[in-house]
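Visitor: Starting off with a structure, shown below.
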Amino acid sequence: MTPSYLKRLAVLCSILAISGCGTTSSKDSGGTSDGLLVVNPKLSIIQGPASAGVEARKQPISILVLHHTASSLPSALDTLQGRTKGHKVGVHYLVSAEAPKARIFRMCPDSLAAFHAGKSAWGKFESLNQSSLGIEIVNYDGNINPYPQPQVEAVLALAQHLVTTHQISPENVVAHSDIAVGRKIDPGSLFPWEYFAANGVGAWPDAKDVQVFRILLKSKKLTNPEIQQLLRAYGYRLDDNTDKTLGLAIEAFQRHFRAAKVDGVADDDTVAILQALVKKYRSAPAKAATPAPSRRV
Ligand SMILES: [Zn+2]
């Protein structure tokens, strides 16, 4: 990042600290002072430049979507402000990759809907821009580049604040790749979902359940229709029942919950994790998907 760029950003921030980028509501992340909102000792938010792709929100906030930018911070800021060609895009928060402390920019208030999800679906929700908040995390590809710890801590503090403020349930903290099966791969398999879940953000299966399901699968495999049913029960949108679509949905699932091997193959480990998640967070679609209560390991 160049000094002149930083200067330009500082000017923009100071202007927007005065004007904001839209309306605010009591459910937004508090008030600002000198462009910096200090939510708690771990979370300070900079009032950033206004995101271009926003509109009035007509649905309550139910979902938090995480993204990687696939670009540098300056490039992401340009895109989010509508300075690059193409569709208007927008997002609520942008988190830099800087050390020792990542910066969090608020690009539009939570009370507005931002154009970050695109064609998307999750459970009963369609076109998630209206029902979600978005966080863009600066990383060229989170399937290749690990997220630096200062950035992880910044995103975690922000996400903890957002899920608490808007009462977003664990299974509704999702990857862009979860809600746009076969179309998106962000924030990637290196995003630390398990660490987030251990710190109160997002879903993660109970290891004991996974172990039980894994043992049961050794004697009885699930059929493709049963696996499709489980994926749909958890939230994934499969547009058809073809093997290709099933493979893409499994790949998205693995990117989030079984990052050690993302190959689109519904092996026992992957299916056991899926069954454990459905058991924990969604009502099981079929009795066959739940281990008998009498079984012990
Ligand atoms: Zn994305």
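The values are calculated or read from the model by the stated rules, or taken from the named source; none is laboratory data. Keep in mind that what you see is a predicted model, and the values were worked out from it rather than measured. When we count neighbours, we look across all protein chains shown, and the Cβ atoms used for this are built from the backbone with ideal geometry, even at glycine. Calculation scope for accessible area: heavy atoms of the full protein, side chains included, ligands and nucleic acids excluded. Shrake-Rupley method; radii C 1.70, N 1.55, O 1.52, S 1.80 Å.
Visitor: For SER111, which sequence-distant residues (separation of 5 or more, or a different chain) have an amide H within less than 5 Å of its own amide H, given hydrogens modelled in the peptide plane?
Guide: Excluding prolines and chain starts, which carry no amide H, the hits are SER25.
Visitor: Run the simple label-point estimate for THR165 and LYS208 please: 7 Å along Cα→C-beta, distance reported in nm.
Guide: Output for this residue pair reads 3.6 nm.
Visitor: With a point put 7 Å past each Cα toward its Cβ, work out how far SER283 is from GLU98 in nm, to one decimal.
Guide: 5.0
Visitor: Related question: Taking 0.36 nm per residue of separation and subtracting the Cα-Cα distance, what length does fully extending TYR195 through THR242 add?
Guide: Details: separation 47, 0.36 × 47 = 16.92 nm, distance 3.36 nm.
So the chain would gain 13.6 nm between TYR195 and THR242.
Visitor: Could you work out the relative contact order of the range 88-152? I mean the mean sequence separation of Cα pairs under 8 Å and 6+ apart, divided by the number of residues, in percent. Mind dumping the intermediate values first?
Guide: On the way: 108 pairs, mean separation 26.0, N = 65.
Over the range 88-152, the number comes to 40 percent.
Visitor: Per 0.36 nm of contour for each residue apart, how much would the distance between LYS261 and ASN224 grow if the chain were fully extended, relative to their Cα-Cα spacing?
Guide: Numbers: separation 37, 0.36 × 37 = 13.32 nm, distance 1.95 nm.
My answer for the length gained is 11.4 nm.
Visitor: Heavy-atom accessible area per residue, the range 207-289, 1.4 Å probe: how many Å²? Walk me through the intermediate numbers first.
Guide: Details: 4030 Å² over 83 residues.
I get 49 Å² per residue for this part.
Visitor: Quick one: which residues, 5+ away or cross-chain, put their amide H under 5 Å from the amide H of ILE45? H built at 1.01 Å from N.
Guide: Amide H neighbours of ILE45, under 5 Å, 5+ apart: LEU37, VAL38, VAL39.
Visitor: I've got another one for you. Over the range 207-289, what percent of the accessible surface lies on carbon and sulfur atoms, probe 1.4 Å? Working shown, then result.
Guide: On the way: 2130 of 4030 Å².
After summing per-atom areas, the C and S share lands at 53 percent.
Visitor: In nm, give the distance between the simple-model label positions of LYS58 and SER71, each being 7 Å from the Cα along the Cα-to-Cβ direction.
Guide: 2.8
Visitor: Another one. Stretched out fully, how many nm does the piece from ASN40 to LYS124 gain, at 0.36 nm a residue minus the Cα gap? Write down the numbers at each step before the final one.
Guide: Working: separation 84, 0.36 × 84 = 30.24 nm, distance 3.37 nm.
Full extension from ASN40 to LYS124 adds 26.9 nm.
Visitor: Report the FRET efficiency, 1/(1 + (r/R0)^6), for HIS87 and ILE215, where r is their Cβ-Cβ distance and R0 is 45 Å, rounded to 0.05.
Guide: 0.40
Visitor: Which residues' amide hydrogens lie under 5 Å from the amide hydrogen of LEU64, considering only partners 5 or more residues apart or on another chain, with H built in the peptide plane?
Guide: LEU133, VAL173, VAL174
Visitor: Additional query: Nearest-5 percent of antiparallel DSSP beta bridges in the range 38-135? Walk me through the numbers before you get to the answer.
Guide: Numbers: 10 of 17 bridges.
Rounded to the nearest five, the antiparallel share is 60 percent.
Visitor: Can I ask one more? Taking R0 as 25 Å, what FRET efficiency do you get between ASN145 and ASP78 from their Cβ-Cβ distance, rounded to the nearest 0.05? Write down the numbers at each step before the final one.
Guide: On the way: r = 21 Å, r/R0 = 0.82.
Given R0 = 25 Å and the Cβ-Cβ separation, E is 0.75.
Visitor: In the neighborhood of GLU55, defined by Cβ-to-Cβ distances under 14 Å, what is the net charge if each Lys or Arg adds +1 and each Asp or Glu adds -1?
Guide: +2
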